[in-house]
Amino acid sequence: MKNRLSLALLAMTLILPGIASAQDEALVLKSRYPKTYTVKEGDTLWSIAALYLRDAWRWPELWNLEGQDDTSRMISPGDVITLKTDNGQPRLDITAAQARSEKQVTVKLSPTIREQDVAPAIPSVATEQIQQFLTRSTVISERELENSAYILSSADNRLMLGTGDQIYVKGLTPGGSARYLIYRQGKTYYDVDEKGGDELGYEGIFIGEAVIDKFGDPSTLVITKTTREAQYGDRILPANPEEFDLNLVPRAPQTNIQGNIISLFDSVSRIGQYQVAVLNVGVHEGVEEGHLLSIKRGGREVDDQFSSSFFSGTTLPSSDAGAVMVFRAYDHVSYALVVKALTDIRLADAVSTP
């Protein structure tokens, strides 16, 4: 039961399909929405949220949860969501599958211990879209890069190394971790400004894993797993276990965050929904995992041919491009999933608190 998500968590995810609207306006539902909806296997909280509210940022009003701590009600496959009206305002209500069954059938049971399968709660996001980034991708700072251990050589002097190969590593501290991860320095993440920006860190490309055989100078390790061939100079980082919450609670930052997209995964210039972007804001700028940021496209320059002015260039207003949710936050860099794309998402697009 404890792995099931609360109604409050479902409500928080209603912010994802839209951007904030004025709180003094009436709630607006989508033109087409289900009066009742039965939660199915394969649903996510995000997909359900998109069914009802146009300006889904206003989830507390829709669920009438403002000022309440309603964590006792759960949602899982088989539950029924119903749209109701309360004092002229739309409200959503949930009838649990178990409660519906109990109303239909009454069975007398003798006192005994019974096991009952409980349907797992639906996830807030399809985890396969970000799991590889949670477990394998990383951002390495310049200081970490300078101080990290590295592959110096190998037992048989081969340049391309794989599973089972013995490697010699320089810079390990005796008595340290027994397991290590192998990374290669990838692209440099730069801040955004007219001169190209300051360096914010380096992409760490996951290469594989290794275990210690003997500490020394150099230390001896054995590669146990690779996703690509390891090379001399690849960095060795301790495989410290980390806890990752795959059911992040999307929420607005409490501070004003302003940043830009500085890199795109699996693309050179543009990405779409459910792809990953790199932002030039991180923990030091107040970013936390689960923060939702809106994406703005800067207005393009156009030539005003009807103007009598010698300088007739005009900048058009910026426009909404979508929204991202941060799922990994580093010092000055964050990884974020595009949860809504009104158009293609591009390098240098602005991100900000909605």
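Where a number appears in this text, it was derived from the coordinates with a stated rule and is not lab data. The model shown is predicted, which means the values in this text are computed figures rather than measured ones. Heads up, the Cβs are rebuilt from the backbone with ideal geometry, glycines too, and the neighbour counts pull from every protein chain shown.
Given the pairs LYS187/LYS340; LYS40/LYS296; LYS35/LYS296; LYS187/LYS296; LYS30/LYS84, which are separated by over 23 angstrom at their Cα positions?
On the way: LYS187/LYS340 26 Å; LYS40/LYS296 34 Å; LYS35/LYS296 33 Å; LYS187/LYS296 25 Å; LYS30/LYS84 15 Å.
In this structure, LYS187/LYS340; LYS40/LYS296; LYS35/LYS296; LYS187/LYS296 lie more than 23 Å apart at Cα.
Which order do the peptides 263-269, 26-32, 186-192 take when ranked by the mean count of other beta-carbon atoms within 10 Å per residue, highest first?
Ranking the peptides 263-269, 26-32, 186-192 by packing returns 186-192, 263-269, 26-32.
In terms of overall dimensions, the C-alpha atoms belonging to the range 258-352 reach 51, 26, 20 Å along their principal axes, ordered largest to smallest.
Note that the range 151-157 has calculated 3J(HN,Hα) couplings of 6, 8, 6, 9, 5, 9, 6 Hz, one per residue in order, obtained from phi through the Karplus relation 6.51 cos²θ - 1.76 cosθ + 1.60 (θ = phi - 60°); glycine and proline are x.
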